1. Return the residues of segment A:157-185 that are surrounded by fewer than 13 Cβ atoms within 10 Å (Cβ to Cβ) and basic (K, R); say none if nothing qualifies.
2. Only one of (1) open to solvent by less than 50 Å² (accessible area, probe 1.4 Å); (2) at pLDDT 95 or above is not met by A:A136, so which one is it?
3. Of the numbered conditions (1) within 14 Å of chain A (Cβ to nearest Cβ); (2) open to solvent by less than 30 Å² (accessible area, probe 1.4 Å), B:E108 fails exactly one; give the number of that condition.
4. I need every pair where a residue in segment B:133-144 that is at the interface with chain A (Cβ under 10 Å from one of its Cβ atoms) has its Cβ under 6 Å from the Cβ of a residue that is open to solvent by less than 10 Å² (accessible area, probe 1.4 Å), sequence separation at least 6 or different chains.
5. Would a scan of segment A:133-146 turn up a residue that is under 15 Å from the mean Cα position of the chain (by Cα), within 14 Å of chain B (Cβ to nearest Cβ) and of a type in the set (G, A, S)?
6. Take segment A:97-121 and flag every residue that is of a type outside the set (G, A, S), more than 14 Å from chain B (Cβ to nearest Cβ) and under 14 Å from A:G131 (Cβ atoms).
7. Name the strands (runs of 3 or more DSSP E) wholly within segment B:38-90 that hold at least 3 residues that are within 23 Å of B:N168 (Cα to Cα), open to solvent by less than 30 Å² (accessible area, probe 1.4 Å) and not hydrophobic (A, V, I, L, M, F, W, C)?
8. List, please: which pairs have Cβ atoms under 6 Å, are six or more places apart or on different chains, and start with a residue in segment A:130-149 that is over 16 Å from A:L119 (Cβ atoms) and end with one that is at pLDDT below 95?
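The values are calculated or read from the model by the stated rules, or taken from the named source; none is laboratory data. The model shown is predicted, which means the values in this text are computed figures rather than measured ones. Ideal geometry is used to build each Cβ from the backbone, glycine not excepted, and the neighbour counts take in all protein chains shown. Keep in mind that these areas ignore ligands, DNA and RNA; they rest on the heavy atoms of the full protein, side chains included. Shrake-Rupley method; radii C 1.70, N 1.55, O 1.52, S 1.80 Å.
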Amino acid sequence: MDTVFGVKYDGGVIIAADQGNARSILMYQKNLDKVVPLSSHSALGISGPNSDLVNFSEYVQKNIALYELSNDGMKLSTHAQANFMRGELAAALRRGPYQVNVLLGGYDAGAESSSLYFLDYMASLQKVNYGCQGYASSFCLSIMDRDWKEGLTEDEAIAIVEHCMKELQTRFLIAQPNFIIKVIDKDGVKVAKFGADPADT
Amino acid sequence: MARRYDSSTTTFSPEGRLHQVEYAIEAINNAGTCVGILAQDGIVMASEKRVTSGLLAPSKTSEKTYKLCDHAACTVAGLTADANILIDQARLRAGRYSYQYAEAIPVEQLVEHVCNYKQAYTQYGGLRPFGVAFLFAGYDPHHGFQLYQSDPSGNYSGWKATAIGANNQAGKSLLKTEYGAKPEGGDGDEEMKTDDDDAEEEIRVPDVAEALRLAVKVLSKTMDGTIPSPEKMELFTMTLDESGKECVQRTLTVEESKKVVEEVEAETAAAGDA
């Protein structure tokens with residue numbers, strides 16, 4: 001079961017996810033990167049069966065790239081990306097749903113602000129200050145409820161994510177030893193930390 | 001004569017021309033003039049209304065100016081029936097974009113969509129091109145206020161000021177000298193406008209009020225030299241509201257148009273005396 005977190009702070013947003021890729025009794029991989037960069041200043045933390053995870057994230061990523069190519073480099077805002085994704089999830093829902101639950105984090109240069117969006121496989125869309133997908137929410141939402149406040153710094157936001165990871169490592173039945181943490185701010189999307197190098201193939 | 005290449009819309013002539021497209025552009029040169037001017041704080045579009053009969057019922061809708069969405073509008077020169085199809089396309093596109101992205105469509109994308117639609121009629125199907133030219137006015141947060149012109153070929157370009165329809169060459173040449181010129185009272189000191197960079201820096205973008213007066217002046221030139229009565233023209237402005245986020249699209253009332261015409265008449269009289 002995948003774990004995805006997101007925490008918004010002043011000037012950016014953190015997206016973190018576990019790195020396990022498993023099915024049934026098998027662990028296929030322990031260094032999967034489930035935080036996919038969608039554009040220069042947005043990333044999607046995505047959970048679900050690997051097929052849908054890859055299919056949906058690549059589909060959105062390439063559509064966003066096409067938009068920028070077709071429109072002379074104009075960037076889609078995080079809000080527009082989130083609504084585009086919601087539309088795709090909604091259209092697929094009554095045909096063959098994408099079984100993915102995601103957290104989209106992005107930074108918008110024009111508005112000079114960051115935003116975080118929660119979307120689930122039923123095409124719910126909600127702008128939030130922090131969020132979790134998967135079993136993690138049962139353990140971690142309460143921690144975020146207590147720790148999060150307006151005007152956080154990047155370090156404080158990462159501390160919240162690490163607090164949540166520690167709780168999972170203590171109390172969650174399924175062992176998730178590796179997590180990847182990414183920071184999205186005015187300088188783009190960068191990896192803050194990973195448990196296992198996703199490039200190690 | 002390249003007559004045998006005239007009929008098919010989708011075939012090049014030996015000289016590399018699409019005659020049907022050129023004939024469509026000719027058709028527009030008989031239509032009521034439209035002038036568009038980009039101002040500091042908005043856009044002005046002035047159109048000549050051709051009233052063909054006194055028996056025509058007064059209409060609430062315009063045959064010249066159309067709202068495409070909250071932040072874009074256009075004026076039309078040419079076949080009104082053709083224009084209606086394209087305006088529907090533009091409105092649909094704007095609506096579908098905001099359905100998909102929950103955001104306003106950037107103006108250039110809207111213009112490009114309409115133009116791509118027009119282009120298809122110059123390449124496929126054996127149907128004639130649309131006999132319409134448009135002036136598109138719009139606002140988006142990416143590029144602010146923008147003015148575009150498009151023609152039956154499906155080409156479009158962005159302008160600071162331009163004119164389409166009858167006598168548009170005369171209108172354009174007047175705009176070239178008057179747009180961004182220093183206000184009256186500086187004559188005699190005005191330098192010749194050349195094509196180098198110095199001339200660019202001297203362009204002073206007018207505000208909406210000044211642009212309205214210039215538009216009326218241009219219309220009067222294209223409408224055979226008489227200052228038109230307010231009934232014969234339609235003055236449209238697009239500006240932002242106090243919040244700076246929402247567009248305000250307005251067609252001036254007859255009283256407001258009259259005022260602008262009077263101001264222009266006063267200006268012309270003063271310049272005549274000087």
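1. Across segment A:157-185, the qualifying residues are A:K166, A:R171.
2. Evaluating A:A136 over (1) open to solvent by less than 50 Å² (accessible area, probe 1.4 Å); (2) at pLDDT 95 or above leaves (2) as the failure.
3. (2)
4. Listed by first residue and then by second, the contacts come to B:D140/B:P106; B:D140/B:V107; B:H142/B:P106.
5. no
6. Narrowing segment A:97-121 to residues of a type outside the set (G, A, S): A:97-104, A:107-108, A:112, A:116-121.
Narrowing further to those that are more than 14 Å from chain B (Cβ to nearest Cβ): A:97-103, A:107, A:116, A:118, A:120-121.
A:N101, A:V102, A:L103, A:L116, A:F118, A:D120, listed by residue number.
7. Once the strands (runs of 3 or more DSSP E) in segment B:38-90 are filtered for at least 3 residues that are within 23 Å of B:N168 (Cα to Cα), open to solvent by less than 30 Å² (accessible area, probe 1.4 Å) and not hydrophobic (A, V, I, L, M, F, W, C), what remains is B:42-48.
8. Hits for this filter: A:Y135/A:M1.
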